[in-house]
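Heads up, the thing below is written out as structure tokens.
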Amino acid sequence: MTSTTQTACPSCGGPISDADRFCEACGAELTPTAPGTPAIDTDTEPTVELNPAAAAARGAEAAPGPCRSCGGAISADGYCETCGTKATKPRDHFSEQPAPWVAAVCDRGIRHSRNEDAVAIAADQEPGSRALLVVCDGVSSSLDSDVASLAAARAARDVLVAGNAQGMGTESSRNSAVIVRLKAAADAASDAVLENTSPDSPNPASCTFVATVLEGDLLVAGVVGDSRAYWFPDGAEAVGLTVDDSWAAELIATGVPRHEAETGPQAHAITRWLGKDAPDHTPRTTSLKVSGPGWLLVCSDGLWNYCSEATPLAELVRQTASANGGEPLATASALVDWANAQGGMDNITVALARI
């Protein structure tokens, strides 16, 4: 037998032993690792930075709810008192559905010890009227990226909710007004990342950013990094609304086949992000006029890793929606399950609006 010493997690204060690699309460990695570059979203998660604001936020997110297997109470040791199932953290898998036609699911995936993806959405109740979808993907090689990504997504969502941009009443001015609002949301997201970064951190928190604003027949998307937005109109050609800020995207632009670029050794090297050391966080925007029904998808690379191109991804979404009665929350959940079935190598976020 190997003896262990009980101590406290430096992130959330939960009980740990010297044999533990991760905190059972908050998922923080306890084994020291060398800091990496924030521009590479690797599969290795670093030691959590002792930033008080981030630690408090992570601790609040870590509180376990009822057992997902039987609904029983979770004991202090992290297991269900009724069926003995190990509790999952609320951040491991959560969903939002502000209106019946808009929903999102965010999941830890299979490989990662914690969920560094985040999503925040809002919508009016009338289908196809107004929807705001924000997804941020924490860069795994940076510190406190799980806390920063969630703070960023929520801050951006709140800015978008606060203003209903109409411009001067013309189509072009309305589009310009939405773009200004979307850039303000990216500014707020960037500020939130900085607020969850220790001033002297050697590897400051960072995340990607993608947001879409639907205002009636106007759809605007903005991106920093490699999370994506797609528009899948019924009976028409699928559209990728964003272009990644990544090394892979630069290779594709030079003629390298997409599959080769997106599976190479630098496939997840991003060239822009939100964070203290970010070169620029102004989102690149795309606008289009929605002329008929379809699906709006905003997602992290945990989904598109397994189906990158717009046309096959549109078919996957349509087939999944058909199998789930066209209900956005069930469809988003099923897409997350599909990504996990492909390997679940990364955190997975799917946000959908049925227009």
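Remarks
Results for (1) acidic (Asp, Glu); (2) under 18 Å from the mean Cα position of the chain (by Cα), shown as yes or no for each residue.
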{"residue": "Thr170", "(1), (2)": "no, no"}
{"residue": "Ala186", "(1), (2)": "no, yes"}
{"residue": "Glu195", "(1), (2)": "yes, no"}
{"residue": "Asp200", "(1), (2)": "yes, no"}
{"residue": "Asn203", "(1), (2)": "no, no"}
{"residue": "Thr208", "(1), (2)": "no, yes"}
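- Screening Asp301 with (1) out of contact with any helix residue (DSSP H, G or I) (no Cβ under 8 Å at 6 or more places or on another chain); (2) open to solvent by 30 Å² or more (accessible area, probe 1.4 Å); (3) charged (D, E, K, R); (4) more than 30 Å from Ser172 (Cβ to Cβ) gives one miss only, at (2).
- Residue count, region 216-236 (criterion: in contact with a Gly (Cβ under 6 Å, 6 or more places away or on another chain) and either open to solvent by less than 30 Å² (accessible area, probe 1.4 Å) or among the hydrophobic types (A, V, I, L, M, F, W, C) (or both)): 3
- Test: Pro293 is in contact (Cβ under 8 Å) with a residue 60 or more places away in the chain and open to solvent by 50 Å² or more (accessible area, probe 1.4 Å): yes
- Residue within region 94-117 that is over 25 Å from Tyr230 (Cα atoms), at pLDDT 90 or above, open to solvent by less than 10 Å² (accessible area, probe 1.4 Å) and within 18 Å of the chain's Cα centre (by Cα) present: yes
- Flag for Ala248 being open to solvent by less than 10 Å² (accessible area, probe 1.4 Å), over 22 Å from Leu132 (Cβ atoms) and more than 16 Å from the chain's Cα centre (by Cα): yes
- Residue that is open to solvent by less than 60 Å² (accessible area, probe 1.4 Å) and farther than 30 Å from Asp191 by Cβ, where the choices are Val239, Val213: Val239
- Qualifying residue in region 170-179 (condition: part of a loop (DSSP other than H, G, I, E, B) and either more than 24 Å from Pro328 (Cα to Cα) or modelled with pLDDT of 95 or more (or both)): yes
- Looking across region 334-355, the residues that are farther than 16 Å from Asn115 by Cα and in a helix (DSSP H, G or I) come down to Ala334, Leu335, Trp338, Ala341.
- Under the condition of being under 20 Å from Gly163 (Cβ atoms) and surrounded by 24 or more Cβ atoms within 10 Å (Cβ to Cβ), the residues counted in region 191-210 number 3.
- Set side by side, the residues Ser287, Ser322 differ, and just one is touching a helix residue (DSSP H, G or I) at 6+ places or on another chain (Cβ under 6 Å), open to solvent by 10 Å² or more (accessible area, probe 1.4 Å) and not β-branched (Val, Ile, Thr), which is Ser287.
The values are calculated or read from the model by the stated rules, or taken from the named source; none is laboratory data. It should be emphasised that the depicted structure is a prediction, and the values quoted were computed from it without experimental measurement. Every residue, glycine as well, gets a Cβ built from its backbone with ideal geometry; the counts of neighbours run over all protein chains shown. When the accessible area is computed, the model is the full protein with side chains, heavy atoms only, and any ligands, DNA or RNA have been set aside. Shrake-Rupley method; radii C 1.70, N 1.55, O 1.52, S 1.80 Å.
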